[in-house]
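Here's the structure we're looking at; comments come further down.
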Amino acid sequence: MSLDRARRRGAACGRAQVAISTVRPPAGLARVRGDDDHARSEEDVLLHLDLHPLNIVLGDDDEVTAVIDWTNAAAGPAALDRARTASIFHLDPHAVPLLGDPTWRAFLEGWTESAQLDLVPARATAWACRYMLDDVGDRYDEDGLAPVRAALAEAELATTAGPAPASPPSTARA
C-alpha cells in the first residue's frame with residue numbers, strides 16, 4: 001500500500017471518530033468508568049473506547065463502511081475516546097512495534113490529523129493510560145507496560161502543573 005493511500009485510509013478513520021463524537025449516547029448507556037476529572041463538565045457523547053483499525057471496516061474506495069465491536073461503549077466526554085485511541089496507537093505493547101513501519105506511521109498521521117489526536121488534553125491522556133493499565137495490565141510484563149506508566153506520570157504531571165499545550169502520549173519507539 002502506498003503511503004498516500006495509508007494516510008487517506010487513516011484520515012477516513014479519523015473522520016469516522018469525529019462523526020461518532022457528535023452522537024448523543026442512547027438512554028441508559030453507562031457512563032465511562034474512572035472519569036472523575038471530567039465530572040460531567042463536558043457534554044456526554046457516545047464513546048467507542050476501542051477504536052483502532054481492527055474495529056473499522058474500510059471499503060475499496062478507502063471510506064469507512066462500518067465500525068464494529070461496541071463492547072466497551074459508554075457515555076462520556078469526546079476527549080476520552082480520542083485519548084484512548086491515541087494510547088492504543090502509541091502505547092499498547094502490541095502496537096508499539098508497528099511504529100517503525102512507514103505505512104503504519106502514514107496511516108496514523110492521517111487519523112491523528114483528522115481526529116486531532118495530537119490535541120488531547122493531558123487529563124484525558126492520564127485517564128486513557130489508567131484505562132489501558134486496567135485493560136491490558138494482566139497480559140503484559142512490567143517492561144511492556146513501562147511506556148504506559150511513563151506516559152501516565154507525564155500526563156498527571158502536566159495536569160497538576162496547570163494548563164499546558166496538549167500533546168499525544170509519549171511515543172515508545174521500537
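Values in this text are rule-based calculations from the coordinates and carry no lab data. These figures come from a predicted structure and were not determined experimentally. Cβ: placed from backbone, ideal geometry, glycine included. Neighbour counts: every protein chain shown.
Observations on the model:
- Mean separation of Cα contacts under 8 Å, 6 or more apart, over the residue count of the chain: relative contact order %: 28 percent
- Restricting the calculation to Cα atoms, every distinct pair contributes to the Kirkwood radius of the range 25-94, found to be 13.2 Å.
- Estimated [θ] at 222 nm from DSSP helical runs (n ≥ 4, -39500 (n - 2.57)) normalised by residues in the chain, nearest 500: -15000 deg cm²/dmol
- Ranked Asp81, Asp141, criterion: other C-beta atoms within 10 Å, fewest first: Asp141, Asp81
- On the basis of the beta-carbon distance and an R0 of 35 Å, Trp70 and Asp101 show a calculated FRET efficiency of 0.80.
- Packing-based exposure ordering (other Cβ within 10 Å, fewest first) of His48, His94: His94, His48
- Cα pair count fraction exceeding 27 Å, expressed as % - the chain: 22 percent
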